[in-house]
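Read through the structure below, which is laid out as structure tokens, and then see the notes.
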Ligand code: HEM
């Protein structure tokens, strides 16, 4: 299976082109938000900026998680080289979302912020996601990966599952009436998790028990 994924015939040129195109596409939401904000085209700029950055952070986080099953399904092992960029873009949108909330929404007024952080479940879930992603972003450089060692780095990356659950909960909790959108993200996350458990990636002992095919007695 591994060699099948690695010898995928996906040329260096193709993966570099794909990376460049993806980079441009991932910049577009930020650029269009910046443009709309500076040209005063939002009725409620703070709300628009908060919601759009939050949505893109979540979408890109799910795209990051989708790389592994996509590699397996297509056999294109080099897709793994898009994962770090996707993860960092998701973190960029998370930080922007957080800063917009802190500075533009709450005017850095800490008494209110502390109440939010301690009493509002959806804010606590958002903060959990952000804090779970921070070590992943910090250790994403080649130097840090080398220093940590592959095993430790892989272990640390299991935090991405906590982050994704927290992000979906954040969205579910904050929505007051129409749950359709957060439920769509939740369903996507459920299938991504199911795939990871099935392929032994997050919880090997549990998935062994769940999907073990008991050998028929001779
Ligand atoms: C401490 C961290 C965070 C804070 C304080 C925060 C705060 C907020 C606030 C105030 C809203 C708008 C609520 C409303 O207007 O009803 C919001 C919406 C949202 N946030 Fe966060 N957030 C945080 C982290 C995150 C993270 C890490 C993600 C994604 C990975 C995220 C994704 C979203 C989404 C998807 C929405 C709803 C967008 C929509 O309704 O279209 N947030 N957040």
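Taken together, the values in this text are just the output of simple stated rules run on the coordinates, not laboratory data. The model shown is predicted, which means the values in this text are computed figures rather than measured ones. Glycine gets a Cβ as well: all are built from the backbone with ideal geometry, and neighbour counts include every protein chain shown.
Hey, what D do you get for segment 38-135 in µm²/s if you plug the Kirkwood alpha-carbon radius into Stokes-Einstein at 10 °C and 1.306 mPa s?
Values: Rh = 15.1 Å.
Once the numbers are plugged in, D ends up at 105 µm²/s.
Counting neighbouring Cβ atoms within 10 Å and putting the fewest first, the residues 85, 63, 144 line up as 144, 85, 63.
Report the relative contact order of segment 1-149, percent, no decimals, based on alpha-carbon pairs under 8 angstrom and at least 6 residues apart.
25
Remark: segment 1-93 projects, on average over all directions, an area of 6.4 nm² (convex hull of Cα atoms).
Among 160, 103, which comes first, second and so on when ranked by fewest other beta-carbon atoms within 10 Å?
Details: 160 19, 103 11.
Exposure proxy ranking, most exposed first: 103, 160.
Can you give me the angle between helix 12-38 and the longest principal axis of the chain, using Cα atoms only, in degrees from 0 to 90, rounded to the nearest 10? The two axes meet at around 20 degrees.
Please report the orientation-averaged projected area of segment 150-196, defined via the convex hull of its C-alpha atoms, in nm².
Numbers: hull surface 13.8 nm².
Projected over every direction and averaged, the Cα hull of segment 150-196 covers 3.5 nm².
Once both labels are positioned 7 Å from their Cα atoms along Cα-to-Cβ, the gap between residue 184 and residue 14 label points is 3.0 nm. Using the rule -39500 (n - 2.57) for each DSSP H run of four or more residues, divided by the residues of the chain, the 222 nm mean residue ellipticity is -24500 deg cm²/dmol. Helix 121-138 and the longest principal axis of the Cα set of the chain meet at an angle near 60°. Altogether, the Stokes-Einstein calculation at 20 °C and 1.002 mPa s, with the Kirkwood radius of the chain over Cα pairs as Rh, returns a diffusion coefficient of 111 µm²/s.
Cβ crowding within 10 Å, taken as a proxy for footprinting-reagent exposure, orders 133, 27 from fewest neighbours to most as 27, 133. Working from label points 7 Å from Cα in the Cα-to-Cβ sense, the residue 119 to residue 37 distance is 2.8 nm.
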